[in-house]
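A.B. asks: Can you keep this structure in mind? I'll have questions shortly.
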Amino acid sequence: MITIVGFAVLVLVALLAGTLMRRTVARRAAGRSAAVSGGAVVAVPCQARWRQGARRRFFGYGKLGAGPDGAGAVFKAPLRPAVRLPVGGRAAVRDSWRPGMRVLEYRAPDGRRIDFQLYDAEAERAARLLGVPERGDW
């Protein structure tokens, strides 16, 4: 009986934590959207994955933002140099295994695949930063 009660308490705590997390993420995304509509340049927080060589892959958290000259896209991860990303490729958006998130699968013009896991509200802004030509491509 104690095990069932303990399990029920854990389920309730997990549901509450998930609800609070989704509300916080939605509030932050709305704040970033409001800042962008006001003309500010706002970086998109995300997780990125891409292949760096024959067997090496990059996987890390950071922010996707505009380049220093205002053109192009740059991925900045903590304690790492900024990586300039090729723009003008194609993108596809699909649901992520994490609730409230999407995966933006970006194919660079040179054929490389870069995956970004980001919040639902940030997918369109990330595609614009990467220079995806038109919405029909994603």
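A.B. asks: Within segment 71-78, identify whether any single residue is in contact with a Pro (Cβ under 8 Å, 6 or more places away or on another chain), aliphatic (A, V, I, L, M), surrounded by 11 or more Cβ atoms within 10 Å (Cβ to Cβ) and part of a strand (DSSP E or B), and answer yes or no.
C.D. replies: Within segment 71-78 (the criterion being in contact with a Pro (Cβ under 8 Å, 6 or more places away or on another chain), aliphatic (A, V, I, L, M), surrounded by 11 or more Cβ atoms within 10 Å (Cβ to Cβ) and part of a strand (DSSP E or B)), the answer is yes, since at least one residue qualifies.
A.B. asks: While we're here: Return the only residue of 137, 115 being in contact with a strand residue (DSSP E or B) (Cβ under 8 Å, 6 or more places away or on another chain), acidic (Asp, Glu) and at pLDDT 80 or above.
C.D. replies: Exactly one of 137, 115 is in contact with a strand residue (DSSP E or B) (Cβ under 8 Å, 6 or more places away or on another chain), acidic (Asp, Glu) and at pLDDT 80 or above, namely 115.
A.B. asks: What pairs come out if I take residues in segment 69-98 that are within 19 Å of residue 112 (Cα to Cα) and pair them with residues that are loosely packed, with under 11 Cβ neighbours inside 10 Å whose C-beta lies under 7 Å away, six or more apart or interchain?
C.D. replies: 86/110
A.B. asks: Would you say residue 102 is modelled with pLDDT under 90, more than 12 Å from residue 50 (Cβ to Cβ), surrounded by 14 or more Cβ atoms within 10 Å (Cβ to Cβ) and in contact with a Pro (Cβ under 9 Å, 6 or more places away or on another chain)? I'd like the intermediate steps shown before the answer.
C.D. replies: Numbers: modelled with pLDDT under 90: yes; more than 12 Å from residue 50 (Cβ to Cβ): yes; surrounded by 14 or more Cβ atoms within 10 Å (Cβ to Cβ): yes; in contact with a Pro (Cβ under 9 Å, 6 or more places away or on another chain): no.
No, not satisfied.
A.B. asks: Do we have any residue at all in segment 44-51 that's farther than 25 Å from residue 25 by Cα, modelled with pLDDT of 85 or more, over 14 Å from the mean Cα position of the chain (by Cα) and outside any loop (DSSP other than H, G, I, E, B)?
C.D. replies: no
A.B. asks: Here's something else I'd like to know. For segment 99-115, enumerate the residues that are without any contact (Cβ under 8 Å) to a residue 60 or more places away in the chain and either in a strand (DSSP E or B) or not acidic (Asp, Glu) (or both).
C.D. replies: Here is the first cut: in segment 99-115, the ones without any contact (Cβ under 8 Å) to a residue 60 or more places away in the chain are 101-111.
Once the filter is applied, which keeps residues that are without any contact (Cβ under 8 Å) to a residue 60 or more places away in the chain and either in a strand (DSSP E or B) or not acidic (Asp, Glu) (or both), segment 99-115 yields 101, 102, 103, 104, 105, 106, 107, 108, 109, 111.
The values are calculated or read from the model by the stated rules, or taken from the named source; none is laboratory data. Quick caveat: nothing in here was measured; it's all calculated off a predicted structure. Backbone-built Cβ (ideal geometry, glycine too); neighbour counts: all protein chains shown.
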